[in-house]
1. Cut-off under 28 Å on the C-alpha distance; same-chain residues fewer than 8 positions from LYS175 excluded. Which lysines are left, in chain and number order?
2. Return the long-range amide H neighbours of GLU260 (sequence gap of 5 or more, or a different chain), with a cut-off of under 5 Å between placed amide H atoms.
3. Using θ = phi - 60° and the Karplus relation 6.51 cos²θ - 1.76 cosθ + 1.60, list the HN-Hα couplings for the stretch 153-159 in order, rounded to whole Hz, with x at every Gly or Pro.
4. With a 10 Å radius around each residue's Cβ, average the other Cβ atoms per peptide and rank 148-160, 341-353, highest first.
5. Return, ordered by residue number, the residues of the stretch 364-381 whose backbone nitrogen is under 17 Å from a label point located 7 Å along Cα→Cβ of ASP340.
6. How large is ³J(HN,Hα) for each residue in the stretch 275-286, as worked out from phi by the Karplus curve 6.51 cos²θ - 1.76 cosθ + 1.60 (θ = phi - 60°), to whole Hz, x for Gly and Pro?
7. Through the Karplus equation 6.51 cos²θ - 1.76 cosθ + 1.60, θ set to phi - 60°, convert the phi angles of the stretch 141-148 into ³J(HN,Hα) values in whole Hz; use x for Gly and Pro.
8. Roughly what would the spin-label model give for GLU282 and ASP350, points 7 Å off Cα along C-beta, in nm?
Amino acid sequence: MFWWFGAILVWRESAGRITQPVAEADIDLTGNIAPPALYQARIETGRGAECAAAGGAGWFLDGGAEMAETADVVVIGGGCIGTSIAWQLAGRGAGRVVLLEKSGIAAGATGWSSAIVRMHYVHEPLIRMALFGRRMFENFADEVGGDCGFRRVGFLVLVPQHEVPVARRVVGAQKGLGIDATMLSPEEISEIEPRLSLEGVAAGTWEPDSGHADGTGTASAFAQAARQAGADLRIGVEVTSVQAVDGGSIRVATAAGDIEAGSVVLAAGYRTSALLKRLGVELPIKPVRHSIAVVERSAAFGAPHPVVSDRVQRGYYRPEGSGLALLGDHDPLEGEIDHDIETDKPPPPDAIARLTGRFAARFPSEADATYRRGYTGVYDTTPDFQPALGAVKAVPGLYVAAGFSGHGFKLSPAVGRMLSDVVLDGDTQVADISMFRVERFAEGKLVAAPEGYGTRSLA
Ligand SMILES: Cc1cc2nc3c(=O)[nH]c(=O)nc-3n(C[C@H](O)[C@H](O)[C@H](O)COP(=O)(O)OP(=O)(O)OC[C@H]3O[C@@H](n4cnc5c(N)ncnc54)[C@H](O)[C@@H]3O)c2cc1C
C-alpha cells in the first residue's frame, strides 16, 4: 500500500507558508515529501501564493481539510492519449507526474483501435498533428522505445465525384506541409492496387508513407517510457471526482486516497465528460459502439493491400499480418449509443454483413473470404467529431484531452507533446490548439468543415 496512508505529517510553517514537511511514524523518506517543483513554482508565482498571502493556509491545505498526497501533474486515463502525455511531461521535467488508470493500460478505445495512421484531414492543425504522429510512429523505437507495430503499407482514399474538389484541397494542403501525397485517376489507383473494383470511384488520394500501428503496443510503450522517465503509473485506481481547491490546486479523489496537484490532465475518454460536468464544464460525448469484422483473405489474394479508406461505400479495409483484413465503418455515428462502455460485446449480425459485403464488393476476388471473428469498441464522439484539447478556462490548472471521435490514435504522439507544452509553457507550436477549445461546445461554436467530409473522421 502507499506509504502515505495513515502517515501523520507535521508541517513547519514560516511566514504563513509551509517550507518543509517533517514526517512522523513510518513514512518512507525516499518518497516525495518536499513540495513538487512545478507545484512549488505555482505557489511562488501564482495561485498558491495568493492562498498563502490570504491566510497562510499553506500550499495544499484545503481550509482545514485532511492533507492529501501531492503531485505536480496528475494524468487521468491510461489510453494512448494519457500515456503519451505522461511520457512527455515526465521526460520534460514536469516534476512529479502521476498517471491514474482505473482498469489497465489500453483497456479502453485504444485496445480496440484499428490504429490507422494517415494524414488525410481537411483542417491544417490536424494535418500537422497527424504528420507529427506519423514521423514518431516511424522512428518509435529510437524516440520512445518499444514497438508500436507501425507498418508503412500506404493509405489510399477512394473518392466519389462530389468529394473530388475537397480531396484536391486536402492533398494541396498536405503537399504544402511537405507530405508525400498525390491525387490519383482511377487508372493510377489500379496501378497501385489492381485487385480493387472501382465502382463509383472518381479519383483517389495516396499517401505512401502512412499505414497502421498497434494500439495496445503503442500505449504500453508510452507507459513504459513514462515510467522510465520517472512518472508514477497507478493501475486499478479510479478517479471519482476532480475538484478545484481553495488556494488554486486541484484535488483528485480516488478510493485509494486523494491527490492534490498543481495541474490535472483529463484523458479518460468518454468518462471525461462526467468528471468535467461536476465542475460545471460541458463536454458532450456520445459513446458510439463500433463493429469490426476480421476476415481471412483467400490464399490466391497475394501480398497485403494498403489501408483503403472507401469514401464511396463509407468503410475501411486495413491489412492485419500477412493474411487478415480488419473491416470497419467510416462514420463515427455508425453504431449504437452504448453507455456501458466497459463491457465487451460482439458485433450485431447486420454489422458483420455490412462490413464483409463492402469488402467483397471492393475486392471481388474476396467474395468467399473467411469471416474469422468480430469485436466492438466505443468511440467517444463529440458533436463536431473533434476532440477537446488544452486548458479548461473555468478551472485554472485543469486540462483536457478527450472526445477523439474515432481518430485519436494517430494523433496521440502530437497530443502528448501539445498537452505537455500547454501545461509547461502555456502554449504549443506543434499546431494551433485553439480549434479544439472545450468551451466551443457551451458557446455553440462547433468546428465546421465541408459538408459531409471534413468533420467526419475516416478512422
Ligand atoms: C474500433 C475502433 C477503431 C478505431 N480505429 C482508429 C484508427 O484506425 N485510427 C485512429 O487514429 N483512431 C482510431 N480509433 C480511435 C482511437 O482508438 C481513440 O481515439 C483513442 O484510442 C482514444 O484514446 P484515449 O486515451 O483518449 O481513450 P481510451 O483508450 O478510451 O483511454 C481512456 C482510459 O481512461 C480510463 N478511465 C476512464 N475513466 C477513468 C477514471 N474515472 N479514473 C481512471 N481512469 C479512467 C479508461 O479505463 C481508459 O483506459 C478507433 C477506436 C475504436 C474503438
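Readers should treat all values here as calculations from the given coordinates under stated rules, not as data from a laboratory. Computed from a prediction, not measured in an experiment: that's the story for all the values here. Quick reminder, even Gly has a Cβ in these numbers, built from the backbone with ideal geometry, and neighbours come from all protein chains shown.
1. Reachable lysines: LYS410.
2. Excluding prolines and chain starts, which carry no amide H, the hits are GLU69, THR70, ALA71, VAL252.
3. Rounded to whole hertz, the list is 9, x, 10, 10, 9, 9, 10.
4. Details: 148-160: 22.2, 341-353: 14.0.
Order by mean packing, descending: 148-160, 341-353.
5. Counting only backbone N, you get 375-379.
6. Rounded to whole hertz, the list is 5, 6, 4, 5, 9, x, 10, 8, 9, x, 10, 9.
7. 4, 6, 7, 10, x, x, 10, 8
8. It is 3.2 nm.
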